[in-house]
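The structure appears right after this line, and notes come after that.
Any read-out appearing in this document is the output of simple, stated calculations on the displayed coordinates, not a laboratory observation. These numbers come from a predicted model, not from an experiment. Reconstructed Cβ throughout: ideal geometry from the backbone, glycine too, with neighbour counts over all protein chains shown.
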Amino acid sequence: MKSLSSIYLGLFLLNALVWYWVVIGGPNNYLNLYFMEIGQGDSALAILPGGAKILFDGGPDKTLLSNLGKILPATDRRIDLVILSHPQADHFTGLISLLDRYEVGYFIWNGRQGENESWKSLVSALNSKRVNTLRLMEGDSIKYMESEIKFLSPDKTELGDTELNNTVLAAELFSGGVKTLFTGDIGFDVEHRLVEKYDVNIDILKVAHHGSKYSSGDEFLREATPAVSVIQVGKNTYGHPTKAAIDRLVAIGSAIYRNDKDGTVHIEADNGRLNIFKER
């Protein structure tokens, strides 16, 4: 299943992007990451070298659309891949509005069902738009030209956990000469397993769970050593990001950016070199 999914997905994207190149004027040769200011939630857009567009999570509401409108040309109404980390509302609700406005090539998720009415609305929208869906988990991967996404979690045990944060489809993107880890809301237990099983040394970290004190542990950060850490956070009553998480990031010397203070954070990666732009 894993290799076939990657092959077919690569062919699909290649065909779809021929039109994109003609209309927009050709792909960039570097990676562009946009960690969007969408409030208390997660949503990041990756535009890969070659032009493929991948959306990691959709945030809590239709604010996603205004963010995409600032990044993409008005004539560009396609997202090649949507990757949902886990079915919690602050990660998927914005995808309902996305499907009304944009064509989506593939919807990738871990197979766990959500538990509220918004989730039912998302499933209905995916079905009505006839979006291709793939259930992936640890060990699966997607390749596109020189870029690759490897999924490091969930394993079979985590996928059956009653705590949805432990079921996160954690994705490591290698593109533009850098590694970026999208962690969803994983906590210490999943972080520990990743450290035990994988080389988690990375360049860019999407800080887990909006800077919760129960994520971004010392053990994990010592191994990950991200040069840049982005906290996707907005106004909230949870105390995110917590002083404990920020102190641990400071201790490893990571440059910290956060949406509530910096707005959308745009990172351009070219052969390992990072250029970082803040909205404010």
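Any idea how far apart Q113 and R222 come out in nm if each label point goes 7 Å out from Cα toward Cβ?
Modelled inter-label distance: 4.3 nm.
Let me have the relative contact order for the chain, percent, based on Cα pairs under 8 Å that are six or more residues apart.
Relative contact order, the chain: 17 percent.
For the ranges 147-158, 117-128, 61-72, what's the packing order if you count other beta-carbon atoms within 10 Å of each residue, average per peptide, and put the highest first?
147-158, 61-72, 117-128
Mind ranking 235-244, 182-191, 92-101, 159-168 by how tightly packed they are, going by the mean number of other C-beta atoms within 10 angstrom, highest first? Let's see the in-between values first.
Values: 235-244: 14.3, 182-191: 23.8, 92-101: 20.9, 159-168: 17.2.
Averaged packing, sorted descending, gives the order 182-191, 92-101, 159-168, 235-244.
Please identify the DSSP H helices in the chain that span no less than 18 Å along the helix axis (Cα) and have a mean Kyte-Doolittle hydropathy of 1.0 or more. Spell out each step's value before the answer.
Numbers: long enough: 2-24 (32 Å, 1.50).
TM-like helix candidates: 2-24.
Report the per residue volume, in Å³, of the convex hull enclosing the C-alpha atoms of segment 99-170. Mind showing how you got there, number by number?
Details: hull volume 7.4 nm³, N = 72.
Output value, Cα hull per residue: 102 Å³.
In a shell of Cβ-Cβ distance under 15 Å around D100, excluding D100 itself, what net charge do Lys and Arg (+1) and Asp and Glu (-1) give?
+4
Enumerate the amide H contacts of K179 below 5 Å, restricted to partners 5 or more residues apart or on another chain; note that Pro and chain-start residues carry no placed amide H.
When sequence neighbours closer than 5 places are left aside, the close amide H contacts are D203, I204.
Just name one of I96, P73, Y106: the one whose Cα is farthest towards the positive end of the charge dipole of segment 21-123 (beta-carbon charges, Lys/Arg +1, Asp/Glu -1).
Sorting the options by dipole projection puts first P73.
Calculate, in nm to one decimal, what N132 and E148 gain on full extension: separation in residues at 0.36 nm each, minus their alpha carbon distance. Could the numbers behind the result be given before it?
Values: separation 16, 0.36 × 16 = 5.76 nm, distance 1.98 nm.
The span from N132 to E148 would gain 3.8 nm if fully extended.
What is the sum of charges, Lys and Arg at +1 and Asp and Glu at -1, for the other residues whose Cβ falls under 11 Å from the Cβ of L221? Intermediate values should be presented prior to the final figure.
On the way: positive: R222, R248; negative: E191, D218, E219, E223, D247.
Net charge in that neighbourhood comes out at -3.
Give me P(r) over the chain, computed from all C-alpha to C-alpha distances, binned every 10 Å, as integer percentages.
7, 32, 41, 19, 2
Quick check on the chain: helices-only [θ] at 222 nm, where DSSP H runs of length 4 and up contribute -39,500 (n - 2.57) each and the sum goes over total residues. Nearest 500, please. Walk me through the intermediate numbers first.
Values: 10 runs with 90 residues, N = 280.
Calculated from helices alone, the mean residue ellipticity at 222 nm is -9000 deg cm²/dmol.
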